[in-house]
Amino acid sequence: MSMPFYVAPEQMMKDRADYARKGIARGRALVAMRYADGIVIVAENASETLRKVSEIYDRIAFAGVGKYNEFDQLRVAGVRAADLKGFQYSRDDVDARSLANSYAQMLGNIFTHEMKPMEVEILVAEVGDGTHGDQMFHILYDGTVVDERDHAAIGGDAESIRSKLAERWSDGLDLAGAVTIGVEVLGGDDREIPADDLEVAELSRTNGRRCFRRIEGDELATLLS
């Protein structure tokens, strides 16, 4: 009788983490940051139909990088969970923290028990009635949750983008300033990202009940000018 091939648990976890990180690094990054009226998310995305940034609920947005079909599965699961909770209790009971915890459990279980981890990183953002209520949660491929206060960067080359964002961001930015900073840190020092290759959305306290809004076309060009 042949003996099964043995792999140390720590080596197995390391191999899975390396596999997930390599898949995520192949994709373009995105950034999110607080500004005066809420939270803005800026992503490099040449596709007009495959979205990285979407609305989850009234005051909550979802953003993902990595393998599209995998983070879109998570987006759909989040929409269903938020709708169910809002229907069973009230719309005010749906919050980003509980949604981020659900995503963390899901990704953690897949990373630990499945052969292949999900090649994704996701961001769940919620805008509050005031700046003190704004929340951003960065969930990694292994279920780790990071609470981001002022700004966040996920995806390929996120570390260098995050350091540039920390240098450029300041409290009280207007929408145009926040979008411009987002585009500049994503492009780096050696390239300029055209408006057609950008996906920009905001969660604004001034938008009424449904805070999510996409910024496209002439409005985006005006902000960048």
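The values are calculated or read from the model by the stated rules, or taken from the named source; none is laboratory data. Remember, it's a predicted structure, so these values are computed and weren't measured experimentally. Please note: Cβ atoms are built from the backbone with ideal geometry, for glycine as well, and neighbour counts cover all protein chains shown.
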How many residues does segment 157-194 contain that are surrounded by 17 or more Cβ atoms within 10 Å (Cβ to Cβ), closer than 11 Å to residue 30 by Cα and not charged (D, E, K, R)?
6
Look at residue 97 and say whether it is within 17 Å of the chain's Cα centre (by Cα) and either surrounded by fewer than 18 Cβ atoms within 10 Å (Cβ to Cβ) or closer than 27 Å to residue 9 by Cβ (or both).
yes
Which members of segment 147-186 meet the condition of being free of Cβ contacts under 8 Å to residues at least 60 places away in the same chain and more than 21 Å from residue 137 (Cα to Cα)?
176, 180, 184
Which of the following residues is of a type in the set (A, V, I, L, M) and surrounded by 18 or more Cβ atoms within 10 Å (Cβ to Cβ): 63, 77?
63
Segment 55-68, residues that are farther than 22 Å from residue 155 by Cβ and outside any strand (DSSP E or B):
58, 59
Where a residue in segment 204-218 is farther than 17 Å from residue 51 by Cβ and its partner, wherever it lies, is modelled with pLDDT under 90 and of a type in the set (D, E, K, R), with Cβ under 8 Å and at least six apart
205/129
Step by step: first the residues of segment 11-23, then only those that are surrounded by fewer than 22 Cβ atoms within 10 Å (Cβ to Cβ) and not basic (Lys, Arg), then the one that is nearest to residue 174 (Cα to Cα). Which residue is that?
23
Quick check: is even one residue across segment 89-98 closer than 29 Å to residue 188 by Cβ, of a type in the set (Ser, Thr, Tyr) and either part of a helix (DSSP H, G or I) or in contact (Cβ under 8 Å) with a residue 60 or more places away in the chain (or both)?
no
Given (1) over 12 Å from the mean Cα position of the chain (by Cα); (2) in a helix (DSSP H, G or I); (3) modelled with pLDDT under 95, residue 71 misses just (1)
Verdict on residue 19 being closer than 29 Å to residue 133 by Cβ, in contact (Cβ under 8 Å) with a residue 40 or more places away in the chain and over 13 Å from the mean Cα position of the chain (by Cα)
no
Tally the residues that are in a loop (DSSP other than H, G, I, E, B) and hydroxyl-bearing (Ser, Thr, Tyr), restricting the search to segment 111-167.
2
Quick check on residue 135: is it under 14 Å from residue 203 (Cβ atoms), polar (S, T, N, Q) and either in contact (Cβ under 8 Å) with a residue 24 or more places away in the chain or in contact with a His (Cβ under 7 Å, 6 or more places away or on another chain) (or both)?
yes
Options 100, 125, 104: the member that is modelled with pLDDT of 95 or more and in contact with a Phe, Trp or Tyr (Cβ under 6 Å, 6 or more places away or on another chain)
100
Among the residues of segment 25-54, write down those that are over 19 Å from residue 185 (Cα atoms) and either assigned to a strand (DSSP E or B) or small (Gly, Ala, Ser) (or both).
36, 38, 47, 54
